[in-house]
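Trainee: Submitted below is the structure of interest, expressed as structure tokens.
The values are calculated or read from the model by the stated rules, or taken from the named source; none is laboratory data. Note that the coordinates shown come from a computational prediction; the quantities given were computed from them, not determined experimentally. Neighbour counts are summed over all protein chains in view; Cβ atoms, including those assigned to glycine, are modelled from backbone coordinates with ideal geometry.
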Amino acid sequence: MEDFLFDLIDLVQSIADGLLFGTTYAMIGIGFTLIFGVMDKLNMSYAAAAIAGAYASVAAFALVPLPAPVVFFVAAVAGGVFGYVIYLLCFRFIPLASPLATLMATVGMLLLIDEIVVHETDGMPQPYPALFDDVMIEFGPFGLRGDLMFVFLVSVVAMGLLLYLIYRTRLGIATRAVSQQPVAAQLCGIGLERTNAMTFVITGVLGGVAGAMIGAAVGVLSPLLTLPFTVKGLIVTVIGGLGSIPGAIVAGLLVGAFENAFQFLRGVTERDMYVMLLLFVFLFLRPGGIFSRPAGRD
Amino acid sequence: MLELKSLSKHFGGVRAVDGLGLEVREGEIFGLIGPNGSGKSTTVNLICGVFPVTAGEIRFEGRDITHAQPHVCLAAGIARTFQNIRLFGHLSVWQNLWVAQNALADRKSAGFVKRWFSGSARARDETGALLEFAGLAAKADDLAGNLSFGEQRRLELARALAAKPKMLLLDEPAAGMNMEEVGQLRERLGALREDGKTILLVEHVMELVMGVTDRIAVLNFGQKIAEGTPDEIQNDPLVREAYLGTSGQGDA
């Protein structure tokens, strides 16, 4: 009985840690979903660019030692720059009418980013600074890691700012107009290319923040992060519903908590299998995403 | 004000618009009619830059806008409505108007931050006059997608007016309206003419076209087959044939 209680405490602890870390999945998912909403295209290189933003801040850190908040800020700026570069290389001059052209261009970009990172770091993991990693907030048998709390707070603030931007400013309303009726939006005087470019820059900044927070939570950056975060980001996007920002946030937390719970219950080698199962359950029951109507009813 | 010179649009082998020449004068309501598939909507799409032009020229106030992009045409002073309504369904009524109102302000470059990131705290008030015009003041906060059909049509017209255009292209604004609504639309168009707007009206509803336009051009198979005052058009034998004759597409 006592063993069971300890297990339960550990499980709740895992779920809490997963929820905190899940905010990074939510940010990656928002990036995928926003670009899909505006362009009707997937940007497969988004998670890679987010982590590349964090790498860029490590590179800056290597030149002059900087305090951690400055490193995170550099990651956000670099993420924005990468977002714009990806827009130029993979979308601006590629015919949008061809469904596979931009998809393959961004897959190519994903591989390119990975190659550059592996080449520059010889594939070695790079330490990443964290804040409050020596703090532990205790609640009876539970403890909240300070660095994860920091990651959570930064992510929540970043997502809050993004939501304000999308729902309360001219850029956001123009962006949503484009995603709903591209032709009519143009005929209301909104420049499509300019709006699309701004969407890439802003999602890029969010990605840079996500990359930095992943680095801060994991403690290192490694080329091995790209693929899992691409896949998890896409899973979050699908579970949240393509194009839905609130959906991506909820799905990010859900996937984070789910994965950590199963890491505790079944071990780290099995956990992703259960995340995939979660995805299939959603595809079966709610193919339109977490906030859509159940399948089979209209 | 608006001049089309031997304007052509080919979709593959189909000549949707074929050597069309037109002139719309400032301050008039110009009707563009013709059977289904005669090239009316294509012409509108060419003027406002939605379709690329195959051949010919479009001039607005003397300026060449043949290859201008849609948002550039709007900046030049041409706004439009759509045959099948294209509102921003997930934005509220006032936001639909605000998007169009502010698009032009963007161009005047109020500085990067103000242009993109200024909030919408006072924005709702700025759309007040247009909400009144559309008779939608009470529904300003509703989602555009939840409005009734007639309300959506009114909102589309108000949205087209939001950017203060000199010229309006109206693509079948009376489609699906009952006679009472057509009458209201006719009054609105009259009021817009009083305001000095130039209007190109594509329409099937003859009560509206014959009642409100100054001049009319008739298209058939992408070519102009007649042009004149409503009276002249009604008595034109070619027009009668196009609508009632061999093609058998008399849907007027």
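Trainee: For B:Glu26, which of the numbered conditions (1) closer than 23 Å to B:Leu208 by Cβ; (2) in contact (Cβ under 8 Å) with a residue 60 or more places away in the chain; (3) buried (at least 16 other Cβ atoms within 10 Å of the Cβ) fails to hold?
Mentor: (3)
Trainee: Is segment B:86-96 home to any residue that is out of contact with any Cys (no Cβ under 8 Å at 6 or more places or on another chain), assigned to a loop (DSSP other than H, G, I, E, B), more than 10 Å from every other protein chain (Cβ to nearest Cβ) and among the β-branched types (Val, Ile, Thr)?
Mentor: No, the conditions are met nowhere in segment B:86-96.
Trainee: Return a yes/no flag: does segment A:161-175 have any residue that is more than 20 Å from A:Phe200 (Cβ to Cβ) and within 12 Å of chain B (Cβ to nearest Cβ). Steps first, please.
Mentor: First, pick out the residues of segment A:161-175 that are more than 20 Å from A:Phe200 (Cβ to Cβ): A:168.
Now drop any that are not within 12 Å of chain B (Cβ to nearest Cβ), which leaves A:168.
Yes, there is a match, as at least one residue in segment A:161-175 is more than 20 Å from A:Phe200 (Cβ to Cβ) and within 12 Å of chain B (Cβ to nearest Cβ).
Trainee: For segment B:72-81, how many residues meet the condition of being facing chain A (nearest Cβ under 7 Å) and surrounded by fewer than 24 Cβ atoms within 10 Å (Cβ to Cβ)?
Mentor: Counting residues in segment B:72-81 that are facing chain A (nearest Cβ under 7 Å) and surrounded by fewer than 24 Cβ atoms within 10 Å (Cβ to Cβ) gives 1.
Trainee: Name the one entry in B:Ala163, B:Ala129 that is surrounded by 20 or more Cβ atoms within 10 Å (Cβ to Cβ) and of a type outside the set (Ser, Thr, Tyr).
Mentor: The conditions single out B:Ala163.
Trainee: List pairs: first residue in segment B:231-252 and farther than 15 Å from B:Met210 by Cα, second residue small (Gly, Ala, Ser) and modelled with pLDDT of 85 or more anywhere in the structure, Cβ distance under 6 angstrom, at least six positions apart or on different chains.
Mentor: Close Cβ pairs satisfying both conditions: B:Leu238/B:Ala226.
Trainee: If B:Gly49 satisfies all but one of (1) closer than 16 Å to B:Phe11 by Cα; (2) more than 16 Å from the chain's Cα centre (by Cα); (3) crowded, with 21+ Cβ neighbours inside 10 Å, what's the number of the condition it fails?
Mentor: Among (1) closer than 16 Å to B:Phe11 by Cα; (2) more than 16 Å from the chain's Cα centre (by Cα); (3) crowded, with 21+ Cβ neighbours inside 10 Å, B:Gly49 violates only (2).
Trainee: Further question on the same structure: Scanning for something under 18 Å from A:Pro182 (Cβ atoms) and at pLDDT 95 or above, does segment A:91-112 turn up at least one residue?
Mentor: No; the residues of segment A:91-112 include none that is under 18 Å from A:Pro182 (Cβ atoms) and at pLDDT 95 or above.
Trainee: Hey, can you tell me all the residues within segment A:148-175 that are surrounded by fewer than 21 Cβ atoms within 10 Å (Cβ to Cβ) and without any contact (Cβ under 8 Å) to a residue 60 or more places away in the chain?
Mentor: Residues satisfying the conditions are A:Leu153, A:Val157, A:Gly160, A:Leu161, A:Tyr164, A:Leu165, A:Tyr167, A:Arg168, A:Thr169, A:Leu171.
Trainee: Against the condition within 17 Å of A:Ile51 (Cβ to Cβ) and free of Cβ contacts under 8 Å to residues at least 40 places away in the same chain, how does A:Leu227 come out, does it pass?
Mentor: Details: within 17 Å of A:Ile51 (Cβ to Cβ): yes; free of Cβ contacts under 8 Å to residues at least 40 places away in the same chain: yes.
Against the criterion (within 17 Å of A:Ile51 (Cβ to Cβ) and free of Cβ contacts under 8 Å to residues at least 40 places away in the same chain), A:Leu227 qualifies.
Trainee: Is it true that A:Ala97 is small (Gly, Ala, Ser) and either in contact (Cβ under 8 Å) with a residue 12 or more places away in the chain or at positive phi (or both)?
Mentor: Spelling it out, it is not the case that A:Ala97 is small (Gly, Ala, Ser) and either in contact (Cβ under 8 Å) with a residue 12 or more places away in the chain or at positive phi (or both).
Trainee: Anything in segment A:189-236 that is polar (S, T, N, Q) and within 14 Å of chain B (Cβ to nearest Cβ)? List them, or say none. Full working, then the answer.
Mentor: Our first condition is that a residue be polar (S, T, N, Q); within segment A:189-236, this holds for A:195-196, A:199, A:203, A:222, A:226, A:230.
Of everything in segment A:189-236, those that are polar (S, T, N, Q) and within 14 Å of chain B (Cβ to nearest Cβ) turn out to be A:Thr195, A:Asn196, A:Thr199.
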